[in-house]
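Chemist: If you scroll down you'll find the structure; I have some questions about it.
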Amino acid sequence: MRYAVLVTGPAGSGKSTFCSSMMTHLQASRRTGHLMNLDPAAEYFEYEPSIDIRELISLEDTMNELDYGPNGGLIYCFEYLLQNIDWLDEELGEYEEDYLLIDCPGQIELYTHHPLLPSLVKHLNQIGFRTCAVYLLESQFIEDRYKFFRLYTTSVFKPSGVLSAMSAMVNLEIPWINILSKMDLITGGGDSDDPNAARNGLRKKRDIQRYLEPDPMLLLGGNEETNSNMRFHTLNKAIVQLIEDHPLVQFLPLDLTNTDSLENALSHIDHVVQYGEDEEPKEPKDLDEGDFPEETE
């Protein structure tokens, strides 16, 4: 059985850093993992990708040759990949019983409403991969609860945390893990009580818990809305109702500076893809066949 983990999330959420940290952790755990780059605009990787979409098509070439912008160029690259899916099948052919970490682009539309990634996931399932996705959202979203929950603030459109994660889950329709990344920026890492240990000040566990299991009532708290248009208050109430009616989103905290936190994330991924459940038990080595070196006195 083969396993594929799509690492998704908005730009700057720590997807590439997550992949490199997970690759290091897998190697330390004596497990086999491979990195697949699905971002045609990527420039640097700590681990050289075993499979790289840039060998098929790059965003820079697409923009130069077709005079596309970055967003349109990225969509074209994915369409080109699906049109040349035989290339991907050939690249994937040699990987058996391995973890494949797929580093995806940061264009949020790919996850929330475009059919391109769902088509790719469907193909991976057809060729024998057990797939799941992790959706990374950086912990700095906690600093603005409106940005964390909703799509609109005052007069500006912004991608939110909870609603974009919910939309991506519904769009891809595969086992899903939402991860609140960069937790060391708000917890200081470890059990530090130093208020200067975290970049934006320490947060108490009780405060963080309201975001790990999103409490929509946070949207209706505070005094900020008294100075804003009442229609945004009505919008907030509608979003609160939506989240309460469809409680799909929960977040797993992740501190990449903490090995236990990494292992916890990996164990959740193992669980949702049912890692190793179909493997046959290995027969013990036979002493009579000389599999073990003789002891010397």
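The values are calculated or read from the model by the stated rules, or taken from the named source; none is laboratory data. Given the structure is predicted, the values throughout are model-derived calculations rather than measurements. Here the Cβ is made from the backbone with ideal geometry for all residues, glycine too, and neighbour counts use every protein chain on show. SASA here: full protein model, heavy atoms, side chains in, ligands and nucleic acids out. Shrake-Rupley method; radii C 1.70, N 1.55, O 1.52, S 1.80 Å.
Chemist: Take the residues in the range 3-21 that are modelled with pLDDT of 95 or more and among the aliphatic types (A, V, I, L, M); name whichever of them is nearest to the chain's Cα centre (by Cα).
Modeler: Selected residue: VAL7.
Chemist: Which count do you get for residues in the range 128-140 that are surrounded by fewer than 23 Cβ atoms within 10 Å (Cβ to Cβ) and closer than 17 Å to ASP255 by Cβ?
Modeler: Of the residues in the range 128-140, 2 are surrounded by fewer than 23 Cβ atoms within 10 Å (Cβ to Cβ) and closer than 17 Å to ASP255 by Cβ.
Chemist: Follow-up. Quick check on my filter: what residues within the range 13-49 are among the aliphatic types (A, V, I, L, M) and either surrounded by 14 or more Cβ atoms within 10 Å (Cβ to Cβ) or not assigned by TED's automatic domain parsing to the domain that holds LEU81 (or both)? First the steps, then the outcome.
Modeler: We begin by selecting, within the range 13-49, every residue among the aliphatic types (A, V, I, L, M); these are 22-23, 26, 28, 35-36, 38, 41-42.
Listed by number, the residues that qualify are MET22, MET23, LEU26, LEU35, MET36, LEU38, ALA41, ALA42.
Chemist: Same structure again: Being free of Cβ contacts under 8 Å to residues at least 24 places away in the same chain and assigned to a loop (DSSP other than H, G, I, E, B) is the filter here; which residues of the range 45-71 pass it?
Modeler: GLU48, SER58, ASP67, TYR68, GLY69
Chemist: If you take the residues in the range 28-41 that are in contact with a Pro (Cβ under 8 Å, 6 or more places away or on another chain) and in a loop (DSSP other than H, G, I, E, B), which one is nearest to VAL5 (Cα to Cα)?
Modeler: Among residues in the range 28-41 that are in contact with a Pro (Cβ under 8 Å, 6 or more places away or on another chain) and in a loop (DSSP other than H, G, I, E, B), the one nearest to VAL5 (Cα to Cα) is LEU38.
Chemist: Could you say which residue among ASP103, ASP52, ASP98 is acidic (Asp, Glu), within 30 Å of GLU277 (Cα to Cα), open to solvent by less than 40 Å² (accessible area, probe 1.4 Å) and touching a Leu at 6+ places or on another chain (Cβ under 8 Å)?
Modeler: Result of the check over ASP103, ASP52, ASP98: ASP103.
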